[in-house]
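Student: If you scroll down you'll find the structure; I have some questions about it.
Please treat every number below as a calculation from the coordinates, not as lab data. Since this is a predicted model, take the numbers as computed values, not measurements. A quick note on method: Cβ atoms are made from the backbone with ideal geometry, for glycine too, and the neighbour counts reach across all protein chains shown.
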Amino acid sequence: MLATVRDAIERILEWFLILLMVMLTVIVIVAVLFRIAGDSLSWYDEVAAVNLSWITYYGAALAALKRGHIGFDTVLLSLPLYPRMAAVILAEIVIIGFFAIMAYTGWQVLQVLSGDYLVSLTWVPVRVTQSVIPIGAVLFIICELFSLPEYWSMTARGKSIEHAEIEVEVQSELKKAGAR
């Protein structure tokens, strides 16, 4: 059940990020073509910046789900079992605490921005564009929690998620090379 929900979140985030990246690409290409034609779009800078921030926040949540953020697995795994697991607990408390504060503060910012609109697209509320802060923070916490059981298990066994992924890729490349 947990794995099914985790996989669904992963697929939704991946497709949403693909959509955002395609939109950003189209916006930039269209803006460049308009600029070449001598008629710049007034809104593309602002919209592209918002789109890029959305990609960043949602991409960070996806990376949390895959445990793809920078870590110190080698240092962590060099510790004895109990200090290692205590370090995992401490790290999770710090990470989740930080993003909980970010979600709360982001929500407060949305309240302050009530009634503000984008400069170039005066019909788009700034609250919509900045909603990515609390939503992204909550998503990060959710993704962190969904990835925790596997991370906890592997860390307790002295295995690195990063090293396991590298081993899978090495084996895949060796099979490809052997097939030639």
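Student: What is the angle, in °, between the Cα long axis of helix 81-112 and the longest principal axis of the Cα atoms in the chain? Nearest 10 is fine, range 0 to 90.
Tutor: 10
Student: Starting from the Cα of L52, step 7 Å along the direction of its Cβ; do the same at D116; then give the gap between the two resulting points in nm.
Tutor: Roughly 1.9 nm, to one decimal.
Student: Could you tell me the calculated FRET efficiency between M85 and K176, based on Cβ-Cβ distance and R0 = 35 angstrom, to the nearest 0.05?
Tutor: On the way: r = 37 Å, r/R0 = 1.07.
For M85 and K176, the calculated efficiency is 0.40.
Student: Let me ask another. Let me check I've understood the local charge: for E167, count other residues with C-beta under 12 angstrom from its C-beta, Lys and Arg +1, Asp and Glu -1. What total comes out? Don't skip to the end; give the middle numbers.
Tutor: Numbers: positive: K159; negative: E162, E165, E169, E173.
Net charge in that neighbourhood comes out at -3.
Student: May I ask you to evaluate 6.51 cos²θ - 1.76 cosθ + 1.60, the Karplus curve with θ = phi - 60°, for each residue of region 13-25 and list the ³J(HN,Hα) values in order in whole Hz, giving x for glycine and proline?
Tutor: Residue by residue, region 13-25 yields 5, 4, 5, 5, 5, 4, 4, 4, 5, 5, 4, 4, 4 Hz.
Student: In nm, to one decimal, how far is the V22 label point from the F98 one, both placed 7 Å along Cα→Cβ?
Tutor: Modelled inter-label distance: 3.3 nm.
Student: Please compute the contact order of region 35-180 in relative form: average sequence separation of alpha-carbon pairs under 8 Å and at least six residues apart, divided by the residue count, as a percent.
Tutor: Across region 35-180, relative contact order equals 34 percent.
Student: Report the FRET efficiency, 1/(1 + (r/R0)^6), for V5 and S40, where r is their Cβ-Cβ distance and R0 is 45 Å, rounded to 0.05.
Tutor: 0.50
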